[in-house]
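Asker: Got a structure for you, questions after.
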Amino acid sequence: MLTSHIGNWQIMMRKLPSFGVKTNIVMRKEENQAVREFMKLDCGEPYNLNIINPDSGLDAVIEIMSELSNGNIVSIMGDRVAGSEKTFSLNFFDQDIHIPAGPFVIAASANAPVVLLLVSRNGACSYILEARELKIESASDKKTKINTLAQQYVKTIEEFLIHNPYEWNATGMHS
């Protein structure tokens, strides 16, 4: 599953375990105190979620691939670039942005389905969770599959934000 720093992504993280399979989130230590408290990140495993720290390098990749091969959910933010991570330069609302290549390389390597989760608020304490599968009709090679997934990801977020413009504060997708 791909997520992004748009909409009410923290709400969605709390709902992932209700899907009935082991759920993993690839994330670094959360710096925002309010998010840490909301996700209960300071008191053990939050909401039955397993945290995979991407800073553990190859160990993180091995754990992610293992979880995917076991049919479990792995949720990765598709818009957060860290350090010298490999990126794609794509067009987003007529501007060039850089998104991490890692989530798309992992999905293509694991031959895992890719679902983009988007959450919008539609009232007081009321949210709509949208799950959109990114599909590859025909990809001749892994590189084409990776690029197509990344392009679909950005296009799907653009479509979501056109219909939900207040769900974005422009800090998630960076140019």
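The values are calculated or read from the model by the stated rules, or taken from the named source; none is laboratory data. Here the structure is a predicted model, which is why all the values come from computation and not from measurement. Methodologically, a virtual Cβ is constructed for each residue, glycine included, from the backbone with ideal geometry; neighbour enumeration extends over all protein chains shown. For accessibility, only protein heavy atoms count, side chains too; no ligands or nucleic acids. Shrake-Rupley method; radii C 1.70, N 1.55, O 1.52, S 1.80 Å.
Asker: Need pairs with beta-carbon distance below 6 Å; first residue closer than 16 Å to Asn122 by Cβ and within the range 151-166, second open to solvent by less than 40 Å² (accessible area, probe 1.4 Å) and of a type in the set (Ser, Thr, Tyr); sequence gap 6+ or separate chains.
Answerer: Asn164/Ser120
Asker: Take Asn32 and decide whether it is open to solvent by 40 Å² or more (accessible area, probe 1.4 Å), closer than 23 Å to Glu167 by Cβ and modelled with pLDDT of 85 or more.
Answerer: No.
Asker: Continuing with the same structure: Quick one: Asp141 ticks every box in (1) without any contact (Cβ under 8 Å) to a residue 40 or more places away in the chain; (2) over 18 Å from the mean Cα position of the chain (by Cα); (3) farther than 21 Å from Leu68 by Cα bar one, so which box is it?
Answerer: (3)
Asker: Take the residues of the range 123-167 that are in contact with a Ser or Thr (Cβ under 7 Å, 6 or more places away or on another chain) and part of a helix (DSSP H, G or I): which is least open to solvent (accessible area, probe 1.4 Å)?
Answerer: Going through the qualifying residues, I end up with Ile157.
Asker: Please verify whether Leu49 is touching a Pro at 6+ places or on another chain (Cβ under 7 Å), buried (at least 19 other Cβ atoms within 10 Å of the Cβ) and closer than 20 Å to Gly20 by Cβ, treating the condition exactly as stated.
Answerer: So Leu49 passes the test.
Asker: Which members of the range 64-96 meet the condition of being modelled with pLDDT of 85 or more and in contact with a Phe, Trp or Tyr (Cβ under 9 Å, 6 or more places away or on another chain)?
Answerer: Passing the criteria: Ile73, Phe88, Leu90.
Asker: When the residues of the range 101-120 are filtered to those that are within 18 Å of Lys86 (Cα to Cα) and not polar (S, T, N, Q), which remaining residue is nearest to the chain's Cα centre (by Cα)?
Answerer: Of everything passing the filter in the range 101-120, Pro103 is nearest to the chain's Cα centre (by Cα).
Asker: When the range 91-122 is examined, which residues are found to be in a strand (DSSP E or B) and open to solvent by 30 Å² or more (accessible area, probe 1.4 Å)?
Answerer: Correct list: Asn91, Gln95, Asp96, His98, Val115, Arg121, Asn122.
Asker: Are there any pairs with C-beta distances below 7 angstrom linking a residue in the range 114-133 that is free of Cβ contacts under 8 Å to residues at least 40 places away in the same chain and closer than 21 Å to Gly78 by Cα to a residue that is open to solvent by 50 Å² or more (accessible area, probe 1.4 Å) and part of a strand (DSSP E or B), with the two at least 6 apart or on different chains, and if so which?
Answerer: Matching pairs, first to second residue: Ile128/Asn122.
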